[in-house]
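This report concerns only the one structure given below.
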Amino acid sequence: MEGQEETTPVDAGHEAEHADIYGEDGVIRPAFVAHIGAAIADRDILILRKDVGDLHQSELGDLLEALLPEQRRALVDLLGADFDFSALTEVDEAIRLDIVDNLPNAQIAKAVQELDSDDAVYILEDLDQADQDEILAQLPFTERIRLRRSLDYPEESAGRRMQTEFVAVPPFWTVGQTIDYMREDNNLPDRFSQIFVIDPSFKLLGAIDLDQILRTKRSVKIEEIMHETRHAIPATMDQEEAAREFEQYDLLSAAVVDENERLVGVLTIDDVVDVIQQEAEEDLLRMGGVGDEELSDTVVATSRSRVPWLLVNLATACISASVISQFGATIEEMVALAALMPIVASLGGNAGTQTMTVTVRALATKDLDIYNAGRVIRREVLVGLLNGSVIAVIIGVIAGLWFRNPDLGYVIAAAMIINMLAAALGGILIPLLLDRLGADPAISSSIFTTMITDVIGFLAFLSLATWWLHLG
């Protein structure tokens, strides 16, 4: 995952040194990309080590995404051991796989040993099982066991995102012993904000914040100052649920425990920020019916991800068309109806999308539940009625003046109110129903909501028009 490190004076100087690789719009400068591309073409390793070797992982990730595929592979090959593999956590999956698939497993095994465990898992989890096994077999026993345990947890779970490097001490140690241990042990994580307290079986007993350690006398025992970890996260918990725990309780880090409440890792805020961004992007893409598509995907992969929902959309469009076909005689008698039908459907669709977007997001953040669903439904119905009335008056006047037929204005105004109410109900009830059935409301709500507003809109408008014509 993307690491968010503290800015030390060295980091500040580093950022200033490389600030010129970005333009004012925050995008990497074409001149810098061209410069690196020329160095790659000339196989100028000295220039690459100087201008690329010490880039921050996020900067290197941006550079990799800006380069052509063959340039990326050549850059990694030329830099060799100087290439920062943590940059692969900053690029999308297609680019990451393109680079890793062209590297020998021995080089990957050597590189992941230099990474934090969560970054190593992030790279390994996309590889084939055979490649994973071959790479893990080349790692030291302890590190191999840690990474294998993380990879055994479900995808998008806290166990996949956790770091297996943490600081844990027994409760009978003193503060002085703990401080000496942190000073002398070279295998501790580079950055941490909590020390965990465990029993001999690694069962989590509590935690201590570093600031409390610094303010306590050396002779005080750990068990006297530790606090209970009330927000330990099960390793099998979905990463989105874990992120919600961080948001609700303002956590900077949290212990991750297995089914026996034994400490297996720690989840940190930098990982959670990445999870929040990833989940938000997934929801946005799914609402558009494009799944987990990425910009670097091939034409075939992109087409494959979009076609299924286009076919579903085709089916719902046919349903709407079948409704219209039932009123062919009415449309032939008054051609103005054909001009006004898209207005009713379009406004209803937009209103339904507005309600649906708010509902899907509320479901994702757990803001909408069984306790407030009734109140929210009533609110959306009233909003639909109010907005429908306002739009109905406007479109009724426009249609009456446009076609010099006041009765036609009344018909489309009534149809607009009906469709806006249908849009409000469909926009909230469809996501709620899909969520209740265990389906992801972000994936298919938009298609079914649009179908509802199209069918109800056409049916209401054309039925009212038919009734009015026969009445007349």
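Details
- Meets criteria (at pLDDT below 95, assigned to a loop (DSSP other than H, G, I, E, B) and either over 29 Å from A242 (Cα atoms) or not acidic (D, E) (or both)) for L147: no
- Whichever residue in region 18-45 is charged (D, E, K, R) and farther than 15 Å from G80 by Cα and, among such residues, is most open to solvent (accessible area, probe 1.4 Å): E24
- All positions within region 70-106 that are of a type in the set (G, A, S) and surrounded by 15 or more Cβ atoms within 10 Å (Cβ to Cβ): A74, S86, A87, A94
- Boolean, I418 is closer than 14 Å to G349 by Cα and open to solvent by 70 Å² or more (accessible area, probe 1.4 Å): yes
- Test: residue in region 4-18 that is at pLDDT below 90, under 30 Å from E155 (Cα atoms) and touching a helix residue (DSSP H, G or I) at 6+ places or on another chain (Cβ under 8 Å): yes
- For region 46-69, the candidate set comprises residues that are open to solvent by 60 Å² or more (accessible area, probe 1.4 Å) and not acidic (D, E); within that set, the residue that is farthest from G80 (Cα to Cα) is L68.
- Only one of the listed residues (T450, T365) is in contact (Cβ under 8 Å) with a residue 24 or more places away in the chain, in contact with a Lys or Arg (Cβ under 9 Å, 6 or more places away or on another chain) and open to solvent by 20 Å² or more (accessible area, probe 1.4 Å). That residue is T365.
- Residue that is modelled with the lowest pLDDT [pool: residues in region 215-233 that are open to solvent by less than 80 Å² (accessible area, probe 1.4 Å) and touching a helix residue (DSSP H, G or I) at 6+ places or on another chain (Cβ under 7 Å)]: H231
Condition check ((1) on the phi < 0 side of the Ramachandran plot; (2) under 27 Å from the mean Cα position of the chain (by Cα); (3) among the basic types (K, R)) across all residues:
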| position | (1), (2), (3) |
| --- | --- |
| L63 | yes, yes, no |
| Q132 | yes, yes, no |
| Q138 | yes, no, no |
| R146 | yes, yes, yes |
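- Candidates in region 162-199 are the residues that are open to solvent by 20 Å² or more (accessible area, probe 1.4 Å) and assigned to a helix (DSSP H, G or I); of these, the one that is farthest from D116 (Cα to Cα) is Q177.
- For region 239-260, taking the residues that are surrounded by fewer than 16 Cβ atoms within 10 Å (Cβ to Cβ) and charged (D, E, K, R), the one that is farthest from R161 (Cα to Cα) is identified as D250.
The values are calculated or read from the model by the stated rules, or taken from the named source; none is laboratory data. What you see is a predicted model; the values in this text were computed from it and never measured. Methodologically, a virtual Cβ is constructed for each residue, glycine included, from the backbone with ideal geometry; neighbour enumeration extends over all protein chains shown. Accessible surface is based on the protein model in full, side chains and every heavy atom, while ligands, DNA and RNA are left aside. Shrake-Rupley method; radii C 1.70, N 1.55, O 1.52, S 1.80 Å.
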